[in-house]
Each structure stands twice: as structure tokens, then as C-alpha cells.
Amino acid sequence: MTALAEGVAGAGSVEPAAPARTGGRRGGAWRMVVLVVLGLYFAVPIASSLWFTVRDRGSGGLTAEHYAAIPGAPGFAEAFGRSLALGVLTVVLALLLMVPTVVLVELRLPRLRTAVELLTLMPLVIPPIALVVGVRSVLSWAPDHFYGTPVADAMFALQEPTLPWILVLVYVVLVLPFVYRALDAGVRNSGLRTLTEAARSLGASWPRVLVSVVLPLLRTSVLNASFLTLALVLGEYTVASILGFETFPTWIVQVAGSQPQLSVAVSVLSLLVTWALLLLISALDRRRRTEESS
Amino acid sequence: MVLLLPIGVLAVEAFRATDPTTFEESWSTDSLAAVTEGASARAYVGSLQLSAITAVLGTVLGLALAVAVLRAERGRLLRRLVLTASGVLANFGGIPLAFAFIATIGSNAGVVTGLLTNTLGLGLGGFSLYSMAGLALVYLYFLIPLMVLTITPALEALRPQWREASDNLGASAWQYWRYVGGPVLLPPVLGAMMLLFASAFAAYATAKALVGSTLPLVTLQIADALSSNVVVGSENLGTALALGMVVVVGLVMAFYAWVQRRTQRWLA
């Protein structure tokens, strides 16, 4: 399962080692063709979207009005705020769940590693739409089987439209693979085991080890996992739309019908924000690397 | 629990049926039978075709890009750029991607469409973004970066010593790839292809934003079945369709696990 897992963590978590072979041999032509064709393929849609949003249809000049209109667009503040709140809650809950798990597996229960790895990969394998159909069926039990009991009340509370906690629960499951990979990479690269053993043999208590050794070591990977989670939650459409909640992506789709340029402007902006977040991750990662090697 | 309960329920609900007149529920395999014929069957065929084609294309193009980048002479900067961009773009599925493509080659407002039609007088030559071919073009936008991310570690694990050894023994480049590099890379490449397939198969947001529900795709059918309040029992059809998806992906992943066991031997 390593290749799959590397792919998951690939989004800026760990920079791979130096290439096995750098020097170019024969046949540079096909390489150039591949790079140019694919470079165009990836650049053209982004460039076109930018052009689409800054072009003034009336005068033919440039305009930033569609970007300026985003903050004031009806429903934007509400939908974006809700998605952001969902994202933060998901980050907190996922970290509370996974940090102790990863540390425990590394230090005390290495035998469980394979099981945890498999379990955290499950959400990647199961299509989100299949998962959400199941969630919907479970939620429909509330009026059918549990009506008038505390269970039903709890289930209704989960579906409060202003802040749907059920989305947080589903998102925690969906981001599990990414969070686990990021944290696991951090734990493995930092030599956590050696350092905790050193701290223990110097007489530090377990709580002391956790606070002064484990947490500082995991700082970068925790940040890493948080940014990835946030980016994923802000872009998640399937679950929210099937369960019928309004979040940032469902709002974009709604707006697209009447104001296509606004919706593309928001899309471009969300891509740029994601890009910035992930670049930040890789910059943090490199800084830590240079600190370690110096 | 949030993970296992819904899937368990899915497996049970798919075998339930709601009687159209009395609204009483009973055990039945009708929904599952319905999945294997008519519109549902067409949706499965459509989804499987689209996923298979995009997975193969994504694998080939992604592999070419990864090899080209890893062996580039001005390697460092280009490498880092492509890998970081891949990290971003592989997660750039969904709604924003669909809108970026509508702005590019959408049928009436697209920038490239306008360029081709008005300036060059060519038109799109029968190509439509809102068709299977259009979807494939859009899916590749996140599948190729996913392939680059997945396969780069395997490419880096190809030891230079192997190439040197085969060179010293007088092998040609073709012989190296045929007897050394190719066989070592085959399992991870196949594995990555499975991952691409599963990822294209599960895609919903992009397709929804692009084509609504006009194309036969399983994910779109499920959403349709769930949102229809008119047809009694469509809820059960939705669960049956979803269960079918889990089964398909399960089969693909079983194959993936088998392939991976063969990989571990060389790329430890």
C-alpha cells in the first residue's frame, strides 16, 4: 500500500530525496515535447479562467469588478463562514483523534500499525457518494424508529442547518488518510522513539515527555495536516450537496447560473488560496529540514 | 463508527423494497436486480468506460511527465515546481475545476472557444465539453498530477547501480527497460492506475457541475435517485447503486493489494 499512501501524503508533506539520476542522456526532444504539451494543458485553463474574469465585456478592457464583488455577494459571507467553521472543527476533531493514535502506535503499540494504516486508507477507497448514501439512511432512522427518544433528538441536533455537525463527522472520516499520512511521516522522520527513550532514561515523566518532546516534534506535521484538511473541507461538494446543506462549494454552484463570471472568479481565488497554503507547507518543511541538517 | 455504520447500513438497505401502494417495507432483491438493467446498467457501463479510459491515459501521460521531470538537466527547480503543482492540482477536483474548464472551452462563453471560432474561424470541430470526451479531458486535469505524485517515489527507487550494471554488461537502453526497469516498475504503475481508476470512478462534483445529470454515470444516477421524491422506492435504488460502487471499488482494491505485494520485494 506504500505507493497509494505516498500519493496521499504527496501534497506537500515530505519532499522526496534527491533524484537517482540527474544528468541527461540522449533523447531530450521527447522530454521537451512532453513538458511543453502538458505545461500548456495545465496552464491554459487557469490562464483562461483569469482572462474570463478580468475581461470587461462592454468596453473590452480589463476590470477587477468580479473579484471586488465577491465579499458582498449575497450568501457568500454566510456560506464561506460556515465552511470555514466546519473546516476548523474538522481540523480540531481529526487532530484530537489522530495525534494520540499515531504517537501511541509509534511508541507503545507498533503491532497495530498495519491495522491503523488499513483503517485510515478505507475512506480513500470508498467513494464519498456511497458513504454519504449510507449516512443518509442512518439519519432517516431518527423519524422512523427513534422518534421521541433522546437518540432522535441527538440526530436532529447533528443536522442543524446553521452548523451541521454531521458534516464535521463525515469530513473527519474523509480526511483521515491525509491526516494520518502527514502525522506518520512527521513521527518517522523525527526519530520520535529515540528522543522519547532518551528523555525517559534521563528521568522525565510521561506527561513531561509529551509536552516537551512529542508535541514540539510534531509541530510541522500538525500544521501540514491542518492545512490539507482545511483545503479539502473548503472544497468539498459531494457530501454537503447530497445531505442538502449549504456550504461554500454548493453556493458557488448556485451562483454560477446567474453570475458565471463571479463563480469563476471565486474558483480562481480558491485555487490560489489552496496553492498558497500548500506552498507554505512545503516551505515550512524545507526550513525544518535545513534546521535539522545544520 | 461513522465509517462502518453507513456502509453496513448500505449493505442492508440495498435489499429492502418499499411497496408502492402500502408503503410497507420488505426484504427484496428487486433494487439489486434493477441495478443490472436499463438506465442503471448503462450508467455503470458509462462510468466504467470513462474511468478506464481516463485511468489509462492519465497513467501514460503522468508517467511520461514524471520521467521527463526527474531526468531533466535543469532538474532541481523544475522538479520542485512540478511536484508542488502536482500536490495542488491532484486535490483540485470538484467545482472550481469544472468552472475553470467552462471558462476555457465552454460552448458559448469559453475563452479558447472564442479564440478558435472568432479569430481563427475553426470552431471546436464537434468537440463538446459536456460529453464523455469533455469529462475525460477535465478528469485528466487532476488524474495526471495524481499519477506524478504516486509514481515519483517508485521512479526514484530505481537504483542507478542497476543501470550501470546493465550498461557494463553491454545491454542497450531498450534491453535495460525491457528486462530490468520495466519489470520493477510494472507493479507500482499498475497500482497507480488502479488508484486513478477508483478516483475517476468516484468523482461526482466535477461531473455534476459540468453536465448536470445528462450523461449516464453512476454517481449522477445515485444523486438523481436520492433527490427524486416522486418515484417510490428510488431511495432503495440509490442504496443499491451505491453498494454496487463499493463492490466495484473493492474488487479494484483487492487487485491493487495483490499487485502491491509483488512490489514490496524490490522497492523496499
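The values are calculated or read from the model by the stated rules, or taken from the named source; none is laboratory data. Bear in mind the structure is a predicted one, so any value in this text is a computation, not a measurement. No Cβ is skipped: glycine too gets one built from the backbone with ideal geometry, and neighbour counts run over all protein chains shown.
Looking only at region A:224-263, residues that are aliphatic (A, V, I, L, M) and under 11 Å from the mean Cα position of the chain (by Cα) come to 7 in all. For region B:54-79, filtering for residues that are basic (Lys, Arg) and at pLDDT 75 or above leaves 1. If the condition is being within 7 Å of chain B (Cβ to nearest Cβ), assigned to a helix (DSSP H, G or I) and among the hydrophobic types (A, V, I, L, M, F, W, C), then region A:98-136 contributes A:Met122, A:Val125, A:Ile129, A:Ala130, A:Leu131, A:Val133, A:Val135. Residues that are free of Cβ contacts under 8 Å to residues at least 40 places away in the same chain and either within 30 Å of A:Pro123 (Cα to Cα) or not in a helix (DSSP H, G or I) (or both) within region A:189-209 comprise A:Ser190, A:Gly191, A:Leu202, A:Gly203, A:Ala204, A:Ser205, listed in sequence order.
Filtered by the rule that a residue be assigned to a loop (DSSP other than H, G, I, E, B) and in contact (Cβ under 8 Å) with a residue 40 or more places away in the chain, region B:126-174 gives B:Leu129, B:Tyr130, B:Ser131, B:Ala157.
Residue-by-condition table, conditions (1) modelled with pLDDT under 80; (2) surrounded by 15 or more Cβ atoms within 10 Å (Cβ to Cβ); (3) of a type in the set (S, T, N, Q):
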position	(1), (2), (3)
A:Pro45	no, yes, no
A:Asp56	yes, no, no
A:Thr63	yes, yes, yes
A:Gly75	yes, no, no
A:Thr90	no, yes, yes
A:Ala94	no, yes, no
A:Val103	no, yes, no
A:Ile129	no, yes, no
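Taking region B:160-172 only, how many residues are within 8 Å of another protein chain (Cβ to nearest Cβ) and out of contact with any helix residue (DSSP H, G or I) (no Cβ under 9 Å at 6 or more places or on another chain)? Residues that pass the stated criteria total 1. Checking every residue in region B:107-120 against the condition of being crowded, with 19+ Cβ neighbours inside 10 Å, at pLDDT 75 or above, outside any loop (DSSP other than H, G, I, E, B) and polar (S, T, N, Q) gives zero matches. Please verify whether region A:243-252 includes one or more residues that are within 8 Å of another protein chain (Cβ to nearest Cβ) and part of a helix (DSSP H, G or I). Yes, region A:243-252 contains a residue that is within 8 Å of another protein chain (Cβ to nearest Cβ) and part of a helix (DSSP H, G or I). Per this entry, B:Leu210 is counted among residues that are touching a Phe, Trp or Tyr at 6+ places or on another chain (Cβ under 8 Å) and either hydroxyl-bearing (Ser, Thr, Tyr) or part of a helix (DSSP H, G or I) (or both).
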